[in-house]
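Asks: My questions all concern the structure below.
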Amino acid sequence: MPVNEHRRTTLLGIIQAAGWPIWPLLACSIIAMALIFERFYSLRQHLVIPDKLLDEVLHLSQRNIPSLESIEKLKTHSALGEIIGAGLAELQQYPQTTEVEFRAHVEAAGRRVAAKLERYLSALGSIASVAPLLGLFGTVVGMIEIFGSQTPGAGNPAQLAHGISVALYNTAFGLVIAIPSLVAWRYFRARVDHYVVELEIDSERLVRHFFNPKKGT
């Protein structure tokens with residue numbers, strides 16, 4: 001038998017031996033993998049805080065405020081670009097805006113960006129918490145099958161073996177899903193927190209550039 005076919009057969013055999021409680025765990029594993037890949041892609045540095053972006057914008061805006069078309073393009077450039085664009089759009093439309101109003105627009109944009117950065121993290125954390133419970137549920141189902149197969153005076157070895165398989169495989173699958181999900185959640189949580197701090201610092205630089213030039217750089 002070819003190696004790949006043997007592996008497929010083994011995996012299918014494990015799933016069959018684990019019984020029906022394994023299916024929610026498999027669904028959790030697929031969702032967790034999708035969320036992890038999506039967050040790895042979306043939380044890349046150049047999509048959140050590109051190098052030198054703020055410096056370039058501050059340099060260009062010393063002479064005049066960019067056009068609304070340029071500002072709209074900037075908003076779609078990155079997370080930082082969305083915050084900068086919100087501030088520039090306020091200045092473009094309302095040149096006499098006060099520092100308080102300008103800061104309010106920038107902070108509102110910052111909150112929207114922070115929410116986007118945290119997207120799906122709660123779902124990933126929930127999977128990390130729920131997977132062991134689903135594994136425990138499968139274990140309980142397996143134990144029920146074990147005790148249900150033991151009739152007075154006679155036992156059912158096949159049913160006993162199946163119950164043990166359900167209990168052990170579901171426990172193992174629950175842990176295999178929960179551990180990477182928890183590690184990924186903590187990693188992304190720390191990464192988002194770092195980005196949020198950097199975005200707050202850059203936002204303050206943006207405000208000071210227009211309303212306190214001596215402290216803006």
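The values are calculated or read from the model by the stated rules, or taken from the named source; none is laboratory data. Computed from a prediction, not measured in an experiment: that's the story for all the values here. Here the Cβ positions follow ideal geometry from the backbone for every residue, glycine too, while neighbour counts run over all protein chains shown.
Asks: Go through (1) at pLDDT 90 or above; (2) in a loop (DSSP other than H, G, I, E, B) for T217 and report which single condition fails.
Replies: Unmet condition: (1).
Asks: Which ones in the stretch 56-74 are over 14 Å from S203 (Cα atoms) and crowded, with 17+ Cβ neighbours inside 10 Å?
Replies: Answer for the stretch 56-74, where residues must be over 14 Å from S203 (Cα atoms) and crowded, with 17+ Cβ neighbours inside 10 Å: S61, I65, P66, I71, L74.
Asks: Then there is this: Which pairs turn up if I take residues in the stretch 24-40 that are in the same structural domain as L133 (by TED's automatic domain parsing) and look for partners that are part of a helix (DSSP H, G or I) and among the polar types (S, T, N, Q) with beta carbon separation below 7 Å, at least 6 apart in sequence or on another chain?
Replies: Sorted first by the residue in the stretch 24-40, then by its partner, the pairs are L25/N170; A32/S181.
Asks: Ok, one more. Can you tell which of V207, V183, V196 is more than 18 Å from L53 (Cβ to Cβ) and either β-branched (V, I, T) or in contact with a Cys (Cβ under 6 Å, 6 or more places away or on another chain) (or both)? Steps first, answer last, please.
Replies: On the way: V207 fails: more than 18 Å from L53 (Cβ to Cβ); V196 fails: more than 18 Å from L53 (Cβ to Cβ).
Selected residue: V183, the only one of V207, V183, V196 that is more than 18 Å from L53 (Cβ to Cβ) and either β-branched (V, I, T) or in contact with a Cys (Cβ under 6 Å, 6 or more places away or on another chain) (or both).
Asks: Criterion first (assigned to a helix (DSSP H, G or I), within 28 Å of the chain's Cα centre (by Cα) and either closer than 30 Å to Y169 by Cα or not assigned by TED's automatic domain parsing to the domain that holds A32 (or both)) does S122 satisfy it? I'd like the intermediate steps shown before the answer.
Replies: Numbers: assigned to a helix (DSSP H, G or I): yes; within 28 Å of the chain's Cα centre (by Cα): yes; either closer than 30 Å to Y169 by Cα or not assigned by TED's automatic domain parsing to the domain that holds A32 (or both): yes.
Yes: the conditions hold for S122.
Asks: Based on this model, can you work out whether L91 counts as assigned to a helix (DSSP H, G or I), over 23 Å from R44 (Cβ atoms) and in the same structural domain as L25 (by TED's automatic domain parsing)? Before you say what the answer is, go through the steps one by one.
Replies: On the way: assigned to a helix (DSSP H, G or I): yes; over 23 Å from R44 (Cβ atoms): yes; in the same structural domain as L25 (by TED's automatic domain parsing): no.
In short, no.
Asks: Please enumerate the residues belonging to the stretch 168-197 that are of a type outside the set (F, W, Y), closer than 21 Å to I83 by Cβ, more than 11 Å from the chain's Cα centre (by Cα) and surrounded by 14 or more Cβ atoms within 10 Å (Cβ to Cβ).
Replies: Selection gives V196 alone.
Asks: Next question. Applying the selection to the stretch 31-55, what residues are assigned to a helix (DSSP H, G or I), under 16 Å from T76 (Cβ atoms) and in contact with an Asp or Glu (Cβ under 9 Å, 6 or more places away or on another chain)? Let's see the steps before the verdict.
Replies: From the stretch 31-55, those assigned to a helix (DSSP H, G or I) are 31-42, 45-48, 53-55; that's our starting set.
Next, only the ones that are under 16 Å from T76 (Cβ atoms) stay: 42, 46-48, 53.
Those that are assigned to a helix (DSSP H, G or I), under 16 Å from T76 (Cβ atoms) and in contact with an Asp or Glu (Cβ under 9 Å, 6 or more places away or on another chain): V48, L53.
Asks: I've got another one for you. When the residues of the stretch 19-30 are narrowed to those that are crowded, with 18+ Cβ neighbours inside 10 Å and outside any helix (DSSP H, G or I), which ends up modelled with the highest pLDDT?
Replies: The extreme case among them is P21.
Asks: Then there's this: Restrict the check to the stretch 103-116 and report whether at least one residue is in contact (Cβ under 8 Å) with a residue 12 or more places away in the chain, within 25 Å of the chain's Cα centre (by Cα), in a loop (DSSP other than H, G, I, E, B) and more than 20 Å from E56 (Cα to Cα).
Replies: Of the stretch 103-116, the ones in contact (Cβ under 8 Å) with a residue 12 or more places away in the chain are 103, 105-110, 112-114, 116.
Next cut, within 25 Å of the chain's Cα centre (by Cα) only: 106-110, 112-114, 116.
Retained after the next criterion (residues that are in a loop (DSSP other than H, G, I, E, B)): none.
Within the stretch 103-116 (the criterion being in contact (Cβ under 8 Å) with a residue 12 or more places away in the chain, within 25 Å of the chain's Cα centre (by Cα), in a loop (DSSP other than H, G, I, E, B) and more than 20 Å from E56 (Cα to Cα)), the answer is no, since none of the residues qualifies.
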